[in-house]
Structure formats: C-alpha cells, structure tokens
Amino acid sequence: MPYRILVGSYANEIYTVSFDPDTSSISLVSSITVGYHPSWITPHPTDISLVFAGLEQAEGKIVVVRYDEGGKGSLVGEVPSGGADPCTLLAAGTELLIGNYSSGTFTTIPLIPEPPHLQAAQSSTLRFTGTGPNKERQEASHLHQVFLHPTRAELLIPDLGADVTRRFVKDVSGVHAQMIFSILSSSSRTRSLHIGCHPLRKSLRSSRVCTHCVRPPRVRRGRTCSQRRSWLRRRPRRTCTYRIATTRRLRETRSPSSRSRTLRSLSW
C-alpha cells in the first residue's frame, strides 16, 4: 500500500509524493505553489485533509492547504504569523502554535471550523530577548521549536539565539503567557535547537550537533569529546569530515557546570 507524503521546501511549493514500500519506489503526485519558503508543515489536529505551512519571509505568513483524496492541494487560507520567518509550527487542541525565528516572537492563533480555519483577530504574541556567545548566530532571540510536553500541560520553546529553553503554562485566560522556568544551556558550544521527551524517564533530551575530522576505521564508541579531540591532535593523518551528534539531559534546575559528554552516535 503506497504512502502519501507531503514535503515542505525552500522553494515556493509543497510537494505530494507517493512511496510504495513493496517496490521501494517514490514518485511525484502533485505540487502546489503557496509562497516563499514553505519549509515547515504541520497537520490539523482533527481534520486530516488540512495542513498549515509557515512562509519564511520578513512578513511571516501561515497558509492553509486542503488536500483531496488524490493528494492534490488547494489554498484555502492565509494569515500573518505574528513575526518574521516562522520556522516551526504545531497545531494542537484548539490552536496553532508558531515560533518566528528572526523576530524572536511566539504566536498562538485559535483554530476555527470555517475557512481560513485560523482566527487571526484573536491571535496572541509574545516577544523574547536574549543573546548567546556566538555573535554571528546568537545576536538576538531565535525561536527554533515549539514542543508540547506529552503528559504535562506545558509548552517548551528552545531559543537558539538566547541559549535557553523556556517552559510555559497557560494563564487563567487560556493563553501560553506564564513562564514557569527556563533551562539554560550548560556550555557555550551548545545551542538550544530541538528537544524531545524520553518515553520512559521524566527527563528531556536536547540535541547538540558538531563537526569533527575523524578517520572512520579509528572511530571508537565510548570516548568523551575531550578525549576524541586529544586523540585527533595526536594523529595528523589525512581526514574526512563527518557529523557527530551527541545528546545531553536537561534537568529542571539551572544547568550544572560543564561536564564531558559521551559520543552517542556517528553517521556518514
């Protein structure tokens, strides 16, 4: 049975492709032009025919697309995102949650059953501030993800620019406006990008991606990052570049002092 996949892009289109696992083949079904850089798409929480996409532009916009049974989309709505370059969206419950990267603003828009399916007049926006040690990339607040905790009524927002992950709960009016805690990064080399919840433990995981030059035959699991750098300095051989991802636990207290981290995975 083929699977239908919707693909956002840094072009002007959202693509519908079909993947057939029986034949290991993928084919383009259709595409729809929606505007500049629809990089992030998210489905409606109850109506599977509707999706929302953020247009990453200076005057950020959210577009609403309805798909028929054949995978062909039609534009049914468009509203402002509440900031610049909306790079992360999440439709949950009765609202759409939006993180605007360049403006450092977080916006909520109520969902409604009629087109355009978003009640922009009732939207709410919060503006964040902050900087990080990397002056080129962390000169201001840059929201990178909106994440709802699966078992708590909490919203978590990693801020790449400020090196912090903020925790929110709804106030008495039902808006995510009350910040209850902020989790600081534990190292100047770590940036708050994306987080996920451990399925069994009461902890969060945050990804840290860095690039190292290594010789694949010599890569061994279990070395700490500091041991690996020392090992590389002692072996001035021909190298290639690979991406190494490490993980760390975010505790619900201010971060402890920097500590060594064990290499968890290596891919090339």
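Read-outs throughout are calculated quantities, based only on the coordinates presented, and are distinct from any laboratory measurement. None of these values were measured; they are calculated from a predicted model. Heads up, the Cβs are rebuilt from the backbone with ideal geometry, glycines too, and the neighbour counts pull from every protein chain shown.
Here is the P(r) of segment 3-197: all C-alpha pair distances, binned every 10 Å from 0, give 9, 34, 33, 18, 5, 0 in whole percents. Normalised by the number of residues in segment 3-197, the mean separation of alpha-carbon contacts (under 8 Å, six or more apart) gives a relative contact order of 11 percent. When you filter the GluC sites (Glu not before Pro) in segment 12-101 for DSSP loop state and at most 12 other Cβ atoms inside 10 Å of their Cβ, you are left with 59, 69.
Ordering 87, 197 from the fewest to the most neighbouring beta carbons within 10 Å gives 197, 87. Counting only aspartates and glutamates at least 8 places from residue 61 when in the same chain, those with an alpha carbon closer than 15 Å to its own are 13, 78, 85. Counting Lys and Arg as +1 and Asp and Glu as -1 over every other residue whose Cβ lies under 9 Å from the Cβ of residue 29, the net charge comes to +2.
Can you give the FRET efficiency for residue 26 and residue 58, using 1/(1 + (r/R0)^6), R0 = 25 Å, r = Cβ-Cβ distance, to the nearest 0.05? Before the final figure, lay out each step's value.
Details: r = 34 Å, r/R0 = 1.36.
Efficiency, from the Cβ-Cβ distance: 0.15.
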